[in-house]
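Shown next, in structure tokens, is the structure this report addresses.
The values are calculated or read from the model by the stated rules, or taken from the named source; none is laboratory data. Treat the numbers as computed from the prediction; the structure is a model and nothing was measured. Please note: Cβ atoms are built from the backbone with ideal geometry, for glycine as well, and neighbour counts cover all protein chains shown.
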Amino acid sequence: MKRLIFIMLSLLLLACGKEEVAEKKRDTLVIADSANPKSLDPHMGNDGSSLRINKQIYSRLVESTGDMKIVPGLAESWEQINPKTVEFKLRKGVKFHNGEDFTAEDVKYSFERMQTSPRIAFILPPLEEIKVVDEYTVQIITKTPFGPLFAHLSHPALAIVNKKAIEKYGKDYGQYPIGTGPYKIESWDAGDKVTLVRNDEYFLTPPTFKYLVIRNIVEASNRTIGLETKELDIALSIGAVDIENIKNNKNLKLLEKPSISYSYIGFNNDKEVFKNKDLRLAINYAIDKQSIVDVVLGGAGEVATSPLAPGVFGFTDKTKAYEYDPEKAREYLVKAGYKDGLTLTLSIYEGNSNSSVATIVQAQLKEIGIDLIIQSYETGAFFSYTAEGKHEMFLGSWGCVTGDADYGLYAVYHSTAKGAAGNRSFYSNPEVDKLLEEGKISIDPEKREQIYEKAQEIIVGDAAEVMLYNRILSVGTQKDIQGLNLHPVTLHDFYPVYIGE
């Protein structure tokens, strides 16, 4: 009898052991995102969800790590030939997911295609020519020296694509992406999930997991529940109310990192009402930014002091946020000619914490006599509406994807970038334009820092918007997930992830 009990216990332990091994060898990594991708054509989708997935499917000449370091990608090395020319030596033996060989012609084709895209053309260097030297050597020649060249080339949207694949699928290519990245497309259930499968011929170490599933779960609380029930391995954008729950759950981990993204309230400076600087100042002084950080983010952030986040090249600590001062806000409102108050509209898009921020702002503006109407849109409609300049005020954010001030400022404040390119505040200042143009063409880092410092001082002095906060990124994972180095603008690399202790 004792022997029988021993055998049964042994079998039970063996079964548990096998189950544990099976758990550790699971072949699918399931990730929850907060939105659905717009396109898996990297030259057409510049939203965060699209970029995150496209970063797994495609490769670029150079890549940026979670620590914002530039490392080789499809180019194994490069040399600055002169101030306007960089020569890249490409990797040999790399194949696209459709079996086609990767060569210099693919680089030339990709960059020429990027130039025709209204969504990403602004990210490109000022290209003069993409010159094919030989099958595995290519030169990027710019019209002027371009200081942030490598930072821009690492942007996920500047992915190298395959001409034959694009010609095959035509306008439907965004549904059937072909890259050289660590994962390739398996299926896309629009609105629900994207399933990727491991690229066993990836030119670096192939991923541990055979499948990568990115699910669209809009509500932050539902993403946390998915972690708790083990339906998810990784949940992005953890809500403030769930942070402590994850920290206190022995089966889960919370990963945090200061982001280099910037959240703000934009004014449409093309609207007559917002050409009045006193009104812009009144709104700035009326909003308690720290209360938004405390209540909406649960303290997981800092009040923004500049349009650039700390950690971005070119950030200055010489500017500061407008303090919360309702009395001063009322004085500026009267000075602006609105002693009896006025009504304004604030446009937001669904999801994230936008409605919570908007509600707080609405209450605080009410205190000084401004009635704020909140208009909520589906994400795509919001971006179309604000690109066309139909809004008065809007809740905006900008992730400085390249980690360089050029990307963080030019697209958001240069007068030529009004609308879809990024300047949804329709802000224009000739002096700022000139500085941002100088910052582009300088290749002296010290000089560029001085230029961008001055530009930030002018933008903040103009009260061009309400600077809100720089968020701290919070990502929840199962406790055995290892190898995820958070990217400070959420463009994480998932292929190094593995199961550990």
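Of note:
- Out of Val489, Val475, Val460, sole residue that is under 30 Å from Thr208 (Cα atoms) and at pLDDT 95 or above: Val475
- The condition (being assigned to a loop (DSSP other than H, G, I, E, B), surrounded by fewer than 19 Cβ atoms within 10 Å (Cβ to Cβ) and at pLDDT 95 or above) is satisfied by just one residue among Glu327, Glu331, Glu323: Glu323.
- Test: Thr195 is closer than 19 Å to Leu491 by Cα, out of contact with any His (no Cβ under 9 Å at 6 or more places or on another chain) and among the polar types (S, T, N, Q): yes
- Test: residue in segment 162-178 that is within 26 Å of His97 (Cβ to Cβ), in contact with a strand residue (DSSP E or B) (Cβ under 7 Å, 6 or more places away or on another chain) and β-branched (Val, Ile, Thr): no
- Looking only at segment 134-159, and only at residues there that are hydrophobic (A, V, I, L, M, F, W, C), under 19 Å from the mean Cα position of the chain (by Cα) and in a loop (DSSP other than H, G, I, E, B), the one that is farthest from Ile120 (Cα to Cα): Ala159
- The single condition among (1) of a type outside the set (Asp, Glu); (2) touching a helix residue (DSSP H, G or I) at 6+ places or on another chain (Cβ under 6 Å); (3) surrounded by fewer than 15 Cβ atoms within 10 Å (Cβ to Cβ) that Asn82 does not satisfy is (2).
- Taking segment 171-213 as the range and being of a type in the set (Val, Ile, Thr) and over 24 Å from Ile481 (Cβ atoms) as the test, the residues that pass are Ile178, Thr180.
- Of all residues in segment 114-131, those satisfying the criterion of being surrounded by fewer than 16 Cβ atoms within 10 Å (Cβ to Cβ) and either of a type outside the set (Lys, Arg) or more than 23 Å from Lys92 (Cβ to Cβ) (or both) are Gln115, Thr116, Pro118, Ala121, Pro126, Glu128, Glu129.
- Of all the residues in segment 380-398, those that are closer than 24 Å to Gly301 by Cα, of a type outside the set (Gly, Ala, Ser) and surrounded by fewer than 18 Cβ atoms within 10 Å (Cβ to Cβ) number 0.
- One residue stands out in segment 240-272 among those that are in a helix (DSSP H, G or I) and buried (at least 16 other Cβ atoms within 10 Å of the Cβ): the one that is modelled with the lowest pLDDT, namely Ala240.
- The residues on offer are Ser154, Ser187, and the sole one that is surrounded by 23 or more Cβ atoms within 10 Å (Cβ to Cβ), among the polar types (S, T, N, Q) and touching a Lys or Arg at 6+ places or on another chain (Cβ under 9 Å) is Ser154.
- Selection count, segment 436-459, where residues are farther than 23 Å from Phe122 by Cβ and buried (at least 22 other Cβ atoms within 10 Å of the Cβ): 0
- Residues of segment 334-343 satisfying the condition of being surrounded by fewer than 18 Cβ atoms within 10 Å (Cβ to Cβ) and within 38 Å of the chain's Cα centre (by Cα): Gly341, Leu342, Thr343
- Answer residue from segment 441-461, given it is part of a loop (DSSP other than H, G, I, E, B) and not hydroxyl-bearing (Ser, Thr, Tyr) and is farthest from Tyr407 (Cα to Cα) among those: Asp444
- For segment 282-289, the count of residues that are within 19 Å of Leu473 (Cα to Cα) and assigned by TED's automatic domain parsing to the domain that holds His391 is nonzero.
- Of all residues making up segment 93-105, the number that are on the phi < 0 side of the Ramachandran plot and either without any contact (Cβ under 8 Å) to a residue 40 or more places away in the chain or more than 26 Å from the chain's Cα centre (by Cα) (or both): 9
- Among the residues of segment 300-345, those that are more than 21 Å from Val460 (Cβ to Cβ) and either touching a residue at least 24 places away in the same chain (Cβ under 8 Å) or of a type in the set (Lys, Arg) (or both) comprise Ala300, Arg330, Gly337, Tyr338, Lys339, Asp340, Gly341, Leu342, Thr343, Leu344, Thr345.
- Considering Ala151, Ala190, Ala220, Ala165, the condition of being closer than 23 Å to Val475 by Cα and among the aliphatic types (A, V, I, L, M) is satisfied by Ala220 alone.
- Residue within segment 250-268 that is touching a Ser or Thr at 6+ places or on another chain (Cβ under 6 Å) and among the charged types (D, E, K, R) present: yes
- Selection status of Gly179, among the small types (Gly, Ala, Ser), not in a loop (DSSP other than H, G, I, E, B) and not assigned by TED's automatic domain parsing to the domain that holds Asp101: no
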